[in-house]
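S.K.: Below is a structure I'd like to ask you about.
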Amino acid sequence: MNGQASRILLRRQFLEGGRTRVSRGSERGFSCSVRRYAQQQQPGPGPERKSTQTTHFGFETVAEGVKEQRVGAVFSSVAASYDTMNDLMSLGIHRLWKDHFVRNLNPGRNPLTAPPSSTSTPPAPQGWNILDIAGGTGDIAFRLLDHASTINHDAHTTVTVADINPDMLAEGRKRALSSPYARTSRLSFVEANAESLTTIPSSSIDLYTVAFGIRNFTHKDAALREAYRVLKPGGVFACLEFSKVNSPLFDAVYKRWSFAAIPLIGQLVAGDRDSYQYLVESIERFPSQTEFRDMIKVAGFLVPGKGWEDLTGGIAAIHKGVKPM
């Protein structure tokens, strides 16, 4: 199968598939992390730049540059306890959601089932080139590579983990040492801003994933445009993110848990109430399923079906978009 035919098949798979439903401590404080992260991000000598643009940081309105520093500080603070954070935010179900997310994407090219290449066309590339954005700890990347290797018998698919936060990347590199992909060319980590992926060539990526990260971006529309740019025609954008609960009763219970219990538990477990307070507020401020679906369309993507799949009553949702051929 040639490269164009492979991308057409990949596009058809995502437009027609994906209907399965899922039914089911650090001592560093936030304020210290804010100061440390701000020092790391200090610009060099040059003319002072002032931004009058504002955005939200949880329920606060702040300057755009301030948000980037404060979000960075949050994730520097929780990097070592990232799984604990997600357990608290999702009542422990995030592991099932991530497993379903990856199974649904079915990464990798299976050499046992791929049609033979025509003698008149060049062979299709071996494996997928995957970009996992805001994936610093490697949680999604390891799953993607495991699935490609064990399910699709693909030893060539590669994943680049990109994250703006060096502490999250350090945690991912540390975890990678105990994985089968340590010191191999199949897994790499790079510090990068999702809103300006200057090191990623245009039309070079087969699959772009972002899990529980995009709600923290200052300019989500810019990140979506960059996703569109770096994907090959027929390539897939896939996002797993906290979303809007679709049952009023369940929503009331979940919000009570989120706002009353999670910051308190964050204080007790990680010694960091403020970071966990921001995280629950960031979920509340994230666009609804319909609004985010429309943002994906505006970026140029085709969306399959209604555009998203709710998980556990809408606590989270999977969104997909396909870059037209």
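The values are calculated or read from the model by the stated rules, or taken from the named source; none is laboratory data. Remember, predicted model here, so these are calculated numbers, not experimental data. All Cβ positions, even for glycine, are placed from backbone atoms using ideal geometry, and neighbour counts span all protein chains on display. The accessibility values were calculated without ligands, DNA or RNA, using every heavy atom of the protein model including side chains. Shrake-Rupley method; radii C 1.70, N 1.55, O 1.52, S 1.80 Å.
S.K.: Kindly establish whether GLN289 is of a type outside the set (Asp, Glu) and open to solvent by 20 Å² or more (accessible area, probe 1.4 Å).
M.R.: Here the answer is no, as GLN289 does not meet what is asked.
S.K.: How many residues does segment 94-110 contain that are open to solvent by 20 Å² or more (accessible area, probe 1.4 Å) and either within 21 Å of GLY172 (Cα to Cα) or basic (Lys, Arg) (or both)?
M.R.: Of the residues in segment 94-110, 5 are open to solvent by 20 Å² or more (accessible area, probe 1.4 Å) and either within 21 Å of GLY172 (Cα to Cα) or basic (Lys, Arg) (or both).
S.K.: Would a scan of segment 78-96 turn up a residue that is in contact with a strand residue (DSSP E or B) (Cβ under 9 Å, 6 or more places away or on another chain), at pLDDT 80 or above and charged (D, E, K, R)?
M.R.: No, segment 78-96 has no match at all.
S.K.: Would you pick out the residues in segment 212-252 that are in a helix (DSSP H, G or I), in contact with a helix residue (DSSP H, G or I) (Cβ under 9 Å, 6 or more places away or on another chain) and more than 20 Å from LEU302 (Cβ to Cβ)?
M.R.: ARG215, ASN216, PHE250, ASP251
S.K.: A follow-up question, please. Can you list the strands (runs of 3 or more DSSP E) lying wholly within segment 136-211 that have 2 or more residues being buried (at least 18 other Cβ atoms within 10 Å of the Cβ) and over 18 Å from the mean Cα position of the chain (by Cα)?
M.R.: none
S.K.: Sticking with this structure for a sec: Suppose we keep only residues that are part of a helix (DSSP H, G or I), hydroxyl-bearing (Ser, Thr, Tyr) and more than 16 Å from the chain's Cα centre (by Cα) within segment 279-325. Which one would you say is farthest from SER247 (Cα to Cα)?
M.R.: Selected residue: THR290.
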